[in-house]
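For reference, the structure discussed in these notes is given below.
The values are calculated or read from the model by the stated rules, or taken from the named source; none is laboratory data. The structure presented is a predicted model; accordingly, all values stated were derived computationally and were not measured. Backbone-built Cβ (ideal geometry, glycine too); neighbour counts: all protein chains shown. Surface areas here come from the heavy atoms of the whole protein model, side chains and all, with no ligands, DNA or RNA. Shrake-Rupley method; radii C 1.70, N 1.55, O 1.52, S 1.80 Å.
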Amino acid sequence: MSHDLGYSFRPARPADALALQRHCFPTQSVEEVASYLNWCLRQAESGRLVRLVAEANGEAIANAQLTLHGEIAEIGSLVVAENYRGCGIGTALITTLLEAARMHGAQAVEIGVQPDNEDACALYTRLGFVPHRQVETRYAPGGRVLYLRQTITTPLSLP
Ligand SMILES: CC(C)(COP(=O)(O)OP(=O)(O)OC[C@H]1O[C@@H](n2cnc3c(N)ncnc32)[C@H](O)[C@@H]1OP(=O)(O)O)[C@@H](O)C(=O)NCCC(=O)NCCS
């Protein structure tokens with residue numbers, strides 16, 4: 001899928017690790033980014049995950065994934081490179097993954113965010129997600145994750 005702003009979406013590949021580390025995960029090492037990316041790609045091969053990157057000028061500059069847990073799917077790892085933010089890439093990634101969730105038969109999609117990430121919360125609310133629950137975890141900075149949820153509505157089939 002190609003956009004007027006000069007980026008296109010495609011499935012992630014192992015070779016994206018270097019660009020993703022540089023543009024999206026600069027606090028992690030290339031090895032850490034590659035290791036998690038490769039795990040995701042193995043999940044994708046078995047149909048449990050969809051991982052997309054946005055490519056611009058031949059490089060991955062944004063990414064997000066959809067993990068399929070039966071009826072509930074989860075969007076995660078959503079990051080857009082700093083100099084590409086605010087031009088609709090995050091919105092387009094989310095709407096593309098919502099459509100993928102619908103096609104895989106999910107009935108709801110969740111997205112987790114740090115409760116103090118107000119801009120991201122505002123974006124998710126604008127896209128139809130509503131706060132669902134807050135969980136405590138030692139894996140997230142701040143120790144808390146707010147999960148927002150969106151019910152997938154299936155278009156009515158006409159007789
Ligand atoms: C949150 C994020 C993915 C949004 O991507 P994006 O491509 O900038 O999003 P869009 O251009 O589609 O939408 C921009 C909206 O997101 C909000 N936003 C959130 N963080 C933003 C940022 N750092 N810069 C610009 N806009 C941001 C804005 O309020 C804007 O809302 P508006 O359209 O009403 O003005 C991106 O800002 C990002 O990678 N942030 C850092 C990582 C992060 O917080 N990820 C979410 C973890 S849950």
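Between residue 127 and residue 91, what is 0.36 nm times their sequence separation minus the Cα-Cα distance? Round to one decimal in nm. Numbers along the way, then the final one.
On the way: separation 36, 0.36 × 36 = 12.96 nm, distance 0.77 nm.
12.2 nm is the gain from fully extending residue 127 to residue 91.
What's the carbon and sulfur percent of the chain's accessible surface, probe 1.4 angstrom, rounded to a whole number?
Values: 4790 of 9230 Å².
It is 52 percent, rounded to a whole number.
Could you tell me which of rounded, prolate or oblate describes the range 8-151, using a ≥ b ≥ c as the square roots of the eigenvalues of the alpha-carbon gyration tensor, with rounded for a/c under 1.5 and, failing that, prolate when a/b is larger than b/c and oblate otherwise?
On the way: a/c = 1.38, a/b = 1.23, b/c = 1.12.
Rounded.
Out of residues 5 or more away from residue 28 or on other chains, whose amide H comes under 5 Å of its own, with H placed 1.01 Å from N in the peptide plane?
none
If you take every DSSP beta bridge whose two residues both sit in the chain, what share of them, in percent to the nearest 5, is antiparallel? Let's see the in-between values first.
Details: 32 of 36 bridges.
That works out to approximately 90 percent antiparallel.
Largest first, what is the accessible-area ranking of 119, 16 with a 1.4 Å probe?
Working: 119 130, 16 10 Å².
These residues rank, largest area first, as 119, 16.
With a probe of 1.4 Å, find how much accessible area the range 8-151 has per residue, and write the answer as a whole number in Å².
On the way: 7710 Å² over 144 residues.
I get 54 Å² per residue for this part.
So for 82, 71, what's the accessible-area order with a 1.4 Å probe, most first? Don't skip to the end; give the middle numbers.
Values: 82 145, 71 110 Å².
Greatest to least solvent exposure: 82, 71.
For every other residue with a beta carbon closer than 12 angstrom to the beta carbon of residue 120, add +1 if it is Lys or Arg and -1 if Asp or Glu, then tell me the sum. List each step's numbers first, then the result.
On the way: positive: 85, 126; negative: 116, 118, 119.
In short, -1.
Nearest 20 debye, what's the magnitude of the dipole of the chain about its Cα centre given +1 on Lys and Arg Cβ and -1 on Asp and Glu Cβ? Present the calculation step by step, with values, prior to reporting the outcome.
Values: 13 positive and 16 negative charges, 57 e Å.
Here the size comes out at about 280 debye.
Taking a 1.4 Å probe, which of 32, 118 shows the most accessible area, and what order do the others take after it?
Numbers: 32 100, 118 140 Å².
Largest to smallest exposure gives the sequence 118, 32.
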